[in-house]
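All remarks here apply to the structure that follows.
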Amino acid sequence: MYHQIGLWDKQPSSNYLFPKNYLQKKVVIDIDGQVILYPNFFSIEESDRFFSDLYDCIKWKQDTIKIFGKKMFLPRLTAWYGDEGQSYTYSGIEQHPDPWIPQLKSIKSKVEDISEVNFNSVLLNLYRTGKDSVSWHSDDEPELGTNPIIASVSFGATRRFSLKHKISKDRKVHIDLESGSLLLMKGETQHCWQHQIPKTSKSVKPRINLTFRVIK
Ligand SMILES: O=C(O)CCC(=O)C(=O)O
Ligand SMILES: [Mn+2]
């Protein structure tokens, strides 16, 4: 069992020692969707282990997209795992998933416990340096249905994740996603908001992100 605190609950000061298994929870967005952050969902030890296992074992590939007829490399490596028979079009690329590996099953199971959803696929991104990124988009592919729940897990370097409202353009939220964090995006989030991982000129180590999804 986890102990949870909400954003509006009285938070212990930063030098407070959290008991082991104390799950922090922050509501980041609760208008036009819900975005909830669990900054320490996986322990530092688990996160380090998952990072190196996934870095070594995942079949990373360098996909290309066509922009104005020109073939361009995606600025990150990607991989797609999931239940047999699922297929999904992402950035104009038809994805056929590889079968689950034990590490992914174990991450998925922990994420499913808290989100109370059974995910059937995961898209993985490897950001090799600060030059790797994902540009503004919503996870609104038709295969995800309306108001999908997306569970996003990060391991490795901390990178900034930004959200901007599609209509009220000055409404922006920035979150530094640390290793071991879980970010849940629910409700109308994909309909009303876009998100990105911008490039950074800082020298950063690699980062792996997993977005668990339900393909209908
Ligand atoms: O790396 C991240 O935190 C976000 C990745 C993402 O938005 C995606 O793969 O759709
Ligand atoms: Mn996304």
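Values in this text are rule-based calculations from the coordinates and carry no lab data. Computed from a prediction, not measured in an experiment: that's the story for all the values here. For neighbour counting, all protein chains shown are included, and Cβ atoms are generated from backbone atoms with ideal geometry for every residue, glycine included.
Key figures
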item: Low-density loop cleavage sites - chymotrypsin sites (Phe, Trp or Tyr not before Pro) in the range 42-117, where at most 13 other Cβ are within 10 Å (DSSP); result: F68
item: Radius 12 Å from Cβ of G187, net charge of other residues (Lys, Arg +1; Asp, Glu -1); result: -2
item: Order of S154, S115, S121, S135 - criterion: other Cβ atoms within 10 Å of each residue's Cβ, fewest first; result: S135, S115, S121, S154
item: Cα-based equivalent ellipsoid, the chain: semi-axes from gyration tensor eigenvalues, Å; result: 26, 21, 18
item: Sequence of E178, E188 once ranked by neighbouring C-beta atoms within 10 Å, starting from the fewest; result: E188, E178
item: Helix 102-115 vs. the chain, principal-axis angle (Cα, 0 to 90°, nearest 10); result: 60 degrees
item: Viscosity 1.002 mPa s, temperature 20 °C, Stokes-Einstein D of the range 11-139 from Kirkwood C-alpha radius, µm²/s; result: 123 µm²/s
item: Rounded tilt (10° steps) of 44-57 against the dominant C-alpha axis of the chain; result: 10 degrees
item: Calculated FRET value between S168 and Q34, using beta carbons and R₀ = 22 Å, to 0.05; result: 0.85
item: Prolate/oblate/rounded label for the range 100-196 (Cα gyration tensor, a/c 1.5); result: oblate
